[in-house]
Amino acid sequence: MSFWKNKHVLIATLAAPVLGLVSYYGVGAIFGEKPKPAEAGQSYQLVEKPNCRYNSGQCGLKNVDFELTLSYERGGADRLLLKLVSENPLNGVKLALVQNGIDEDMPRDMRSTSDDGLSWSLDISVPDPERDRLHLVALSQQTLYFGDVATKFTAPKTENE
């Protein structure tokens with residue numbers, strides 16, 4: 001008698017993956033953590049998206065439904081105009097450039113470039129894309145969002161890319 005002609009083995013082989021998937025998603029739906037809206041007076045960490053880790057020209061930060069996008073324009077040999085676009089109106093944004101892992105600079109206020117609080121900018125010195133990082137804090141509706149991002153996205157693109 002062949003191994004696959006045994007109806008018990010055949011049914012078990014077909015049912016096991018289905019039961020595994022149903023139980024995986026069922027347990028997640030019953031016991032998993034549900035996203036909830038941000039509460040005023042609390043602070044939430046922003047997670048950097050993968051495009052921050054290579055010279056993409058943009059860097060995204062996200063926490064559930066709150067999202068920020070950083071981009072830049074070259075402003076000379078040693079200056080960079082850092083631009084921030086938010087999906088939610090912001091009351092203020094502070095940013096600090098951490099050079100060589102030493103957090104000595106005081107955070108500076110970004111200035112709003114739109115009346116709706118969605119666009120912000122700040123002139124900074126050109127960071128070292130391999131070592132420097134940006135620390136950012138944004139205030140929206142009495143809720144603080146903070147993030148730490150690599151500056152690799154500010155590296156100039158090479159001919160190979």
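We did not get these values from a lab; they are worked out from the coordinates using the rules stated. The structure displayed is predicted, hence computed values, not measured ones. Glycine gets a Cβ as well: all are built from the backbone with ideal geometry, and neighbour counts include every protein chain shown.
Listing for the model above:
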{"item": "Estimated 222 nm signal from helices in the chain, with DSSP H stretches of n ≥ 4 weighted -39500 (n - 2.57), rounded to 500", "result": "-5500 deg cm²/dmol"}
{"item": "Cβ crowding within 10 Å averaged over residues, with 76-83, 22-29, 88-95 ranked highest first", "result": "88-95, 76-83, 22-29"}
{"item": "Coarse-grained scattering of the chain at q = 0.08, 0.16 Å⁻¹, given as base-10 log I(q)/I(0) from a Debye sum over alpha-carbon atoms", "result": "-0.38, -0.91"}
{"item": "Antiparallel bridges, percent of DSSP beta bridges restricted to the chain (to nearest 5)", "result": "95"}
{"item": "Relative contact order of the chain, pairs being alpha-carbon contacts under 8 Å that are 6 or more residues apart, as %", "result": "24"}
{"item": "Charge sum, other residues only, whose C-beta stays under 9 Å from ASN88's C-beta, Lys/Arg counted +1 and Asp/Glu -1", "result": "-3"}
{"item": "Farthest positive-ward along region 15-91 dipole, Cα basis, beta-carbon charges - from GLN58, ALA77, GLY28", "result": "ALA77"}
{"item": "Global form of region 11-75, assessed from the alpha-carbon gyration tensor, a/c cut-off 1.5", "result": "oblate"}
{"item": "About the Cα centre, charge dipole magnitude for the chain (Lys/Arg +1, Asp/Glu -1 at Cβ), debye", "result": "900"}
{"item": "Radius of gyration and Dmax over the Cα atoms of region 106-161, both given in Å", "result": "14.1, 45"}
{"item": "Amide H within-cut-off set for GLY75, under 5 Å, with H built and near neighbours excluded", "result": "LEU80, LEU81"}
{"item": "In order through region 31-42: 3J(HN,Hα) via Karplus (6.51 cos²θ - 1.76 cosθ + 1.60), integer Hz, x for Gly, Pro", "result": "10, x, 6, 8, x, 10, x, 5, 9, 4, x, 9"}
{"item": "Cβ-based net charge around PRO127, under 13 Å, with every Lys or Arg adding one and every Asp or Glu removing one", "result": "-1"}
